[in-house]
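Here, each number is a calculation from the coordinates, and none is a lab measurement. Computed from a predicted model, the values in this text were never measured in an experiment.
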Amino acid sequence: MFQSNKILFGLAVFFMLMSFSASAQERNVALLASSCAACHGTNGHSVGGTPALAGLAESYFVVQMQEFASGARKSTVMYQHVSGYTQEEIELMAAYFAKQ
């Protein structure tokens, strides 16, 4: 009986930590994406001449960021922005903007 309670408690803690981790990751992605808002609008919904990020296919977003990083796609500021992100962060932002 005691052993099964320990297992149940361990599972409860595991799932609780997983939910905290997922919500923390969502907050972190939203924070990363907020740095794009000055030019690309809130949540990627551009209202000016800057391209909208909201609704872009994840793969397209990732490729564009990689091209900015490599210099294959020229821009006045995007090279500096993209150089501050890891590949994982770029992929997380791609998923975030695709859902907007």
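Side notes on the structure shown:
- Theoretical gain in end-to-end length, GLU89 to ALA30 [0.36 nm per residue, Cα-Cα removed]: 20.1 nm
- Shape call, the stretch 47-100: gyration tensor on alpha carbons, a/c limit 1.5: oblate
- For the stretch 74-91 versus the stretch 44-59, the inter-centroid distance based on Cα atoms is 15 Å.
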